[in-house]
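The values are calculated or read from the model by the stated rules, or taken from the named source; none is laboratory data. Only a predicted model underlies this, so the values are computations on that prediction, with no experimental measurement involved. A quick note on method: Cβ atoms are made from the backbone with ideal geometry, for glycine too, and the neighbour counts reach across all protein chains shown. The protein model used for the area step is the full one, side chains on, heavy atoms only, and it has no ligands, DNA or RNA in it. Shrake-Rupley method; radii C 1.70, N 1.55, O 1.52, S 1.80 Å.
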Amino acid sequence: MTPTTREECAALDAADPLAHLREEFVLPEGVIYLDGNSLGALPRSTPGRVADMIEREWGQDLIRSWNDAGWWDKPRTLGAKVAPLVGADPDEVIVGDGTSANLFKCLIAALRLSGRSVVLGEAGNFPTDLYVTEGAAALTGARQRRIDPDGPELAAELARGDVGVLLLSHVDYRSGVLRDMAGITRLAHEHGALVVWDLCHSAGAVPIELSGQDVDFAVGCTYKYLNGGPGAPAFLYAARRHHAAAEQPLSGWHGHARPFDFTPDYEPSPGVSRFLSGSQPLVADAALEAGLDVWAKADMARVRAKSLAMTDLFLARAASVGLSSITPAEHDRRGSQVALSQPEEGAGYPIVQALIERGVIGDFRAPDVMRFGFTPLYLRYVDVFDAAAHLVEVVESGEWRAERFNRRSQVT
């Protein structure tokens, strides 16, 4: 049952099996942070871990740390820590490069494996997915088609028989819609297409079973729910069955089967390491590792249950002031965010700014979406209740109409 009072929320917090993990994070006084779906909060252990990497591993041990501190293997050791969060085996995931580069690698590799020349994607996907697909299509001569994957078009497009690769986001970045990964992947395979899933808004937010649901490739960032820090390296998943034949286009030294033979010709690694390219950002890796070590203490089933309960609470309160949600009410179709439509044209951005001035941090996505992320490792039920109370007051009072809230910043 959804709580209706702050006292009921406090009781839920007292019984919360994840409550102890809140102490693992730096949380500014007077701030309710509902933007962890864009940038996760700082783990308390991160500054020390990064300092140790810089001062001891780099400063004292110098180049020996490639061996002694495991620098060379970081893409694989970090991948093994991401793997249980996405339902993969440790040797199917690597960490390195950014989401855009990894997406490009997967798209080209999947196109080559499929032998077909069409990439099917979603019209409203995150811009990086759209732009990278354009670049991959231009490079390979492939064609791209875009559809609404939540409508009837998906099955019809796949049935045409020319789709080589289907690229979708598991959770829609604007609406928070959660897609049926198992069903869509199965449908694509029935029509001879491979699937690349973007997990940027689902890794650490919802349970994922990449291996169990027969996914081909997936990419995701680590700076949102996984708390790796701004610009943290991304991860890439490639199903083991594709390792021997997959050819990615950025064939760099770190992806070579025997890099320290220094041979002039490229021979890809026999495993997922073939998707590596160049040297990795080891300072950023240290920050990410601190975040992943916190996640190793969490149970994903509990994370999901708390996420749904908190978003239920926020949705109910938002509806009380006439704000409509574009995030589904159904649990099996909802990620870990709530996206609301503004009460009148042009109100979304200033409402978010008014909330930020009150210490409730969400964000705005054009053209008209107020977006709030729910991060169960450090967010409490009382935080959600209080944030919703601020939202109600901002909307009902009209304070968002003040001129200062309508001045646009570069980052929204």
G346, sole failed condition from (1) within 25 Å of the chain's Cα centre (by Cα); (2) in a loop (DSSP other than H, G, I, E, B); (3) of a type outside the set (S, T, Y): (1)
V394 vs (1) under 20 Å from G36 (Cα atoms); (2) open to solvent by less than 10 Å² (accessible area, probe 1.4 Å); (3) in contact with a Leu (Cβ under 9 Å, 6 or more places away or on another chain): all pass except (1)
If a residue has to be touching a Cys at 6+ places or on another chain (Cβ under 8 Å) and open to solvent by less than 10 Å² (accessible area, probe 1.4 Å) to count, how many in segment 175-202 make the cut? 1
Out of segment 349-391, which residues are closer than 15 Å to I326 by Cβ, of a type in the set (A, V, I, L, M) and part of a strand (DSSP E or B)? V369, M370
Do any residues in segment 220-237 that are under 16 Å from T128 (Cα atoms) have Cβ atoms under 7 Å from those of residues that are assigned to a loop (DSSP other than H, G, I, E, B) and charged (D, E, K, R), where the two are at least six apart or on different chains, and which pairs are they? P233/D97; A234/D97
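Taking segment 329-343, which residues are open to solvent by 10 Å² or more (accessible area, probe 1.4 Å) and either part of a loop (DSSP other than H, G, I, E, B) or not charged (D, E, K, R) (or both)?
Of segment 329-343, the ones open to solvent by 10 Å² or more (accessible area, probe 1.4 Å) are 329-333, 341-343.
Hits for segment 329-343 are A329, E330, H331, S341, Q342, P343.
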Under the condition of being touching a Ser or Thr at 6+ places or on another chain (Cβ under 8 Å) and not hydrophobic (A, V, I, L, M, F, W, C), which residue from segment 186-201 is farthest from E157 (Cα to Cα)? H201
Y266, sole failed condition from (1) part of a loop (DSSP other than H, G, I, E, B); (2) within 22 Å of the chain's Cα centre (by Cα): (2)
Report those helices (runs of 4 or more DSSP H) wholly inside segment 1-104 carrying at least 2 residues which are touching a Lys or Arg at 6+ places or on another chain (Cβ under 8 Å), open to solvent by less than 60 Å² (accessible area, probe 1.4 Å) and modelled with pLDDT of 95 or more. 6-14
Among the residues of segment 359-383, count how many are closer than 19 Å to S175 by Cα and either among the hydrophobic types (A, V, I, L, M, F, W, C) or surrounded by fewer than 19 Cβ atoms within 10 Å (Cβ to Cβ) (or both). 10
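When you check R333 against the structure, is it among the basic types (K, R) and farther than 13 Å from V177 by Cβ, yes or no? First the steps, then the outcome.
Numbers: among the basic types (K, R): yes; farther than 13 Å from V177 by Cβ: no.
In short, no.
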For segment 269-310, enumerate the residues that are under 23 Å from C106 (Cβ atoms), outside any helix (DSSP H, G or I) and open to solvent by less than 40 Å² (accessible area, probe 1.4 Å). S269, G271, L276, S277, G278, Q280
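Residue check: is D150 within 18 Å of L199 (Cβ to Cβ) and surrounded by fewer than 21 Cβ atoms within 10 Å (Cβ to Cβ)?
Values: within 18 Å of L199 (Cβ to Cβ): yes; surrounded by fewer than 21 Cβ atoms within 10 Å (Cβ to Cβ): yes.
Spelling it out, D150 is indeed within 18 Å of L199 (Cβ to Cβ) and surrounded by fewer than 21 Cβ atoms within 10 Å (Cβ to Cβ).
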Could you check, for segment 116-128, whether at least one of its residues is of a type in the set (A, V, I, L, M, F, W, C), touching a helix residue (DSSP H, G or I) at 6+ places or on another chain (Cβ under 8 Å), buried (at least 19 other Cβ atoms within 10 Å of the Cβ) and under 21 Å from A234 (Cα atoms)? no
Of all the residues that make up segment 165-179, how many are of a type in the set (G, A, S) and within 28 Å of T140 (Cα to Cα)? 1
Just one of the numbered conditions (1) crowded, with 17+ Cβ neighbours inside 10 Å; (2) farther than 25 Å from G291 by Cα; (3) in contact with a Leu (Cβ under 7 Å, 6 or more places away or on another chain) is not true of L226; which one? (2)
Suppose the filter is out of contact with any His (no Cβ under 6 Å at 6 or more places or on another chain), more than 30 Å from V369 (Cβ to Cβ) and surrounded by fewer than 19 Cβ atoms within 10 Å (Cβ to Cβ); does L111 pass it? no
